[in-house]
1. Kindly state which strands (runs of 3 or more DSSP E) lie completely within region 207-293 and contain at least 3 residues that are modelled with pLDDT of 95 or more and open to solvent by 20 Å² or more (accessible area, probe 1.4 Å).
2. Exactly one of these conditions fails for Ile78: (1) open to solvent by 30 Å² or more (accessible area, probe 1.4 Å); (2) within 16 Å of the ligand (Cβ to nearest atom); (3) under 23 Å from Ser116 (Cα atoms). Give me its number.
3. Please find, among Ala188, Ala208, the residue that is touching a Leu at 6+ places or on another chain (Cβ under 8 Å) and on the phi < 0 side of the Ramachandran plot.
4. Just to be sure, is Ile31 within 16 Å of the ligand (Cβ to nearest atom), modelled with pLDDT of 95 or more, farther than 24 Å from Leu291 by Cβ and hydrophobic (A, V, I, L, M, F, W, C)?
5. Which ones in region 33-51 are surrounded by 12 or more Cβ atoms within 10 Å (Cβ to Cβ) and over 19 Å from Gly225 (Cβ atoms)?
6. Take the residues in region 86-122 that are without any contact (Cβ under 8 Å) to a residue 24 or more places away in the chain and more than 14 Å from Ala317 (Cα to Cα), then tell me which one is most open to solvent (accessible area, probe 1.4 Å).
7. Find all pairs meeting these conditions: Cβ atoms under 6 angstrom apart; at least six residues apart or on different chains; first residue within region 135-151 and open to solvent by less than 10 Å² (accessible area, probe 1.4 Å); second residue away from the ligand (no atom under 16 Å from the Cβ) and not aliphatic (A, V, I, L, M).
8. If a residue must be within 16 Å of the ligand (Cβ to nearest atom) and either modelled with pLDDT under 95 or among the aliphatic types (A, V, I, L, M) (or both), how many such residues does region 118-156 contain?
Amino acid sequence: MRSVSNALAASAVSFITLSTAYAQEEKVLNIYNWSDYIAEDTIKNFEKETGIKVRYDLFDTNEILHAKLVAGKTGYDIVVPSANWANLQIQGGLLTKLDKSKLPNLANLDPIIQASLAKLDPNNEHVIDWLWGFTTIGINVQKVKAALGDLTMPANAWDLVFDPKYISKLKSCGVSVLDSPSEIIPPAMQYLGKNPFSKTAGEYQEAAALLKKIRPYISLFSSSGYINDLANGSICVALGWSGDINIARQRAIDAKNGNEIQALIPSTHAILFFDVMAIPADAPHPNNAYLWMNYIMRPEVHASLSNKVFYANPNLAATKFVKKDITENKTVYLSDADKKKMIAPEAVSSDIRRLITRIYTQFKTGM
Ligand code: N2P
């Protein structure tokens, strides 16, 4: 008797738990996104409108996010990997296949961006672009000029960091590079005329040698703090992301500190990234995640992200809400000629990822 009533009670409990899970998801949304990547009112407005409480955590490298997703049970409902990393996560079954009926605002997205993302996410089934940009060089114009002395600015901005002739002079005013294997090795490979995402292990040795040569001149490894360092003049060169460098420029203008910060477009090539929203396969609040995704794809909301952080959005309907000085900024919305210089991101195997991590560790520790 007792065991039967216990069983009945247990099934009643599980019925109640299940039905609440479906009918009424807890009013919480856990988001994991890059730092300096959202407008002030994005979360506030969503919370006000939906009554959903947003918890918002920050990361600044794909490696950190990927390791968490692989370990599982992150508790996150929305994550924002770069598309070439999302490709690996899709293959690993770590991301939810999207129910597009819950995302009517997908109609606002640019078919050209969707087509290029489809190379990493077939049929655009798992991810939606948040913002996109490229990895490049940012400078403090006057400080770089002064440090270079007799040397004139090179035509190819990558020379500033990858050619010892330049970087050795710039050491005096401070050089920062992104603190992640997958951010520094591809540009080094590209500088050497190789495929930045080469699938051939042997090809990476030359990049390792190049990095070893420039190591003595690097003062900072940073993927987020460098924005303020560039803005306030404590570094003069950053290998960083296009929007971040523009944020530094804006902060210097706002602070009226006299630092003229400029994002450069190398004359050769630069590497694009697309950072994409996705729902982890084990997300606790997937329905709230859909509401967030659809909210972000509203033209005004997507535009407000670009207006704040100087990265282009994938939303055609948003362009008319993007401020003129941002649509006209050629390091945010690229000219057709510059678009041709951009290299699309590719995923690399776990063997290559291990190799570049090893090269990076040796580089950073100066071994
Ligand atoms: C965040 C910039 C993220 C760009 N500040 C790199 N995916």
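1. In region 207-293, no matching strands (runs of 3 or more DSSP E) lie anywhere.
2. Every condition holds for Ile78 apart from (1).
3. Unique residue meeting the criteria: Ala188.
4. Working: within 16 Å of the ligand (Cβ to nearest atom): yes; modelled with pLDDT of 95 or more: yes; farther than 24 Å from Leu291 by Cβ: no; hydrophobic (A, V, I, L, M, F, W, C): yes.
No; evaluated as a whole, the condition is false for this residue.
5. Ala39, Asp41, Thr42, Ile43, Asn45, Phe46, Glu47, Thr50
6. Checked region 86-122; the qualifying residue most open to solvent (accessible area, probe 1.4 Å) is Gln91.
7. Sorted first by the residue in region 135-151, then by its partner, the pairs are Ile139/Gln262; Asn140/Cys236; Asn140/Asn259; Val144/Cys236; Leu148/Lys169.
8. Total satisfying the criteria: 5.
The values are calculated or read from the model by the stated rules, or taken from the named source; none is laboratory data. Source: prediction; values computed, not measured. Neighbour counts run over all protein chains shown; Cβ positions are idealised from the backbone, glycine included. The area values use the complete protein model at the heavy-atom level, side chains included, leaving out ligands, DNA and RNA. Shrake-Rupley method; radii C 1.70, N 1.55, O 1.52, S 1.80 Å.
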